[in-house]
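Heads up, the thing below is written out as structure tokens.
What follows is calculated from the coordinates using simple rules that are stated; it is not laboratory data. All values derive from a computational prediction rather than experimental measurement. All Cβ positions, glycine included, derive from the backbone under ideal geometry; neighbour counts span all protein chains shown.
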Protein chains: 2
Amino acid sequence: MAKVAVIIDKDFEDSEYLQPAEALKNSGHEIVHVGLKEGEEVKGKKEQTPVRIDQSVKNATADDFDALLIPGGYSPDNLRAHREAVDFALQFMNAKKPVFSICHGAQLLITADALKGRTLTGYVSIAQDIKNAGAKYLDREVVIDENLITSRHPGDLPAFCKACVNKLR
Amino acid sequence: MAKVAVIIDKDFEDSEYLQPAEALKNSGHEIVHVGLKEGEEVKGKKEQTPVRIDQSVKNATADDFDALLIPGGYSPDNLRAHREAVDFALQFMNAKKPVFSICHGAQLLITADALKGRTLTGYVSIAQDIKNAGAKYLDREVVIDENLITSRHPGDLPAFCKACVNKLR
């Protein structure tokens, strides 16, 4: 079974954390919440879902994990202002470990400069940012490009969760 | 005196609307709130500052205004998902009319593809997006590049407001 890091900060899109995390746990995988400060409680932007940060990203390395989940909302915008969060995501991309990104999640990968030549999707508001980062943007519910699995918004969650779970089979 | 459009949607950074709008009004300029739906009340993300939308962006044209103010927060991310808001901002850039953008405001200009060869600043989280858009990013409290005046965050507001007011003298 896989050990999956969820990189998360306040104002995440609740469903984009809850549903993939639940699907992964139901498939027997371990979820570790990685954030800016160990022990801190961060909340989702709509439903105020509380998430306790298990591990500070400063002390985290992709070597200890099998995959990365990046929920959307405003969490990626907060995280990308911190170099250690950007570097953590970059480690997964460089190691070609599975990266599951939905909605605004790709913002973290843009700041990591990890999208050149890749094909992906994300929330419509960041479509131009994704293209400008040197990637191909597709308007599809789920895009699978080797290790990188991406979706656009909460409406894509069933397809996104299925693709994430399949990737770790 | 100038007629200034403020393009704004919910979850704007309160101070980044309040302080420039106040400074411009105190200098005798007219402020018109342009948004997604005329008559709608949108609120700031921190202080819940209420703003009534005076004019729908669908019916707005830069021809009717002398300058554009783009407050930050999550308002620009909401607006850039709507083509008519993006096109409205683009009209000001094409006409070389003053554009005042702070924090995440530049996101709207990125989607408008209006930043190639320009020099500006913005919130640290979108620095890579600004560079990827073909612009030069400067980490300064205010950057003046011809018609385009930009700042990074609320801490830059005194310098930003002063530069905006001076531009309309």
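One residue stands out in region A:87-136 among those that are among the hydroxyl-bearing types (Ser, Thr, Tyr) and at the interface with chain B (Cβ under 10 Å from one of its Cβ atoms): the one that is surrounded by the most Cβ atoms within 10 Å (Cβ to Cβ), namely A:Thr111.
Applying the condition of being more than 18 Å from B:Gln128 (Cβ to Cβ) and within 14 Å of another protein chain (Cβ to nearest Cβ) to region A:137-154 and asking which residue is surrounded by the most Cβ atoms within 10 Å (Cβ to Cβ) yields A:Arg152.
Of the residues A:Lys37, A:Lys46, the single one that is surrounded by fewer than 15 Cβ atoms within 10 Å (Cβ to Cβ), within 14 Å of chain B (Cβ to nearest Cβ) and farther than 27 Å from B:Asn132 by Cβ is A:Lys46.
When you scan region A:5-17, do you find a residue that is farther than 20 Å from A:His153 by Cβ and crowded, with 17+ Cβ neighbours inside 10 Å, even just one? Yes - at least one qualifying residue is present in region A:5-17. Pairing each residue of region A:130-143 that is on the phi > 0 side of the Ramachandran plot with any residue that is crowded, with 17+ Cβ neighbours inside 10 Å, provided the two are 6+ apart or on different chains, yields C-beta distances under 7 Å for A:Gly134/A:Leu115. Only residues that are farther than 22 Å from A:Pro154 by Cβ and exposed (fewer than 13 other Cβ atoms within 10 Å of the Cβ) were counted across region A:49-60, and they come to 2. Looking only at region A:30-80, residues that are in a strand (DSSP E or B), of a type in the set (A, V, I, L, M) and in contact (Cβ under 8 Å) with a residue 60 or more places away in the chain come to 4 in all. Would you check if there is a residue in region A:108-120 being closer than 17 Å to A:Ala85 by Cβ and free of Cβ contacts under 8 Å to residues at least 24 places away in the same chain? There is at least one residue in region A:108-120 that is closer than 17 Å to A:Ala85 by Cβ and free of Cβ contacts under 8 Å to residues at least 24 places away in the same chain.
Among the residues of region B:58-75, is any in contact with a Leu (Cβ under 6 Å, 6 or more places away or on another chain), under 20 Å from B:Thr121 (Cβ atoms) and of a type in the set (Gly, Ala, Ser)? No: region B:58-75 contains no residue that is in contact with a Leu (Cβ under 6 Å, 6 or more places away or on another chain), under 20 Å from B:Thr121 (Cβ atoms) and of a type in the set (Gly, Ala, Ser).
Can we say B:Pro71 is surrounded by 22 or more Cβ atoms within 10 Å (Cβ to Cβ), within 15 Å of the chain's Cα centre (by Cα) and within 14 Å of chain A (Cβ to nearest Cβ)? For B:Pro71, the condition - surrounded by 22 or more Cβ atoms within 10 Å (Cβ to Cβ), within 15 Å of the chain's Cα centre (by Cα) and within 14 Å of chain A (Cβ to nearest Cβ) - is not met. Among the residues of region B:81-98, the one identified as farther than 24 Å from B:Lys37 by Cα and either assigned to a helix (DSSP H, G or I) or free of Cβ contacts under 8 Å to residues at least 24 places away in the same chain (or both) is B:Asn94.
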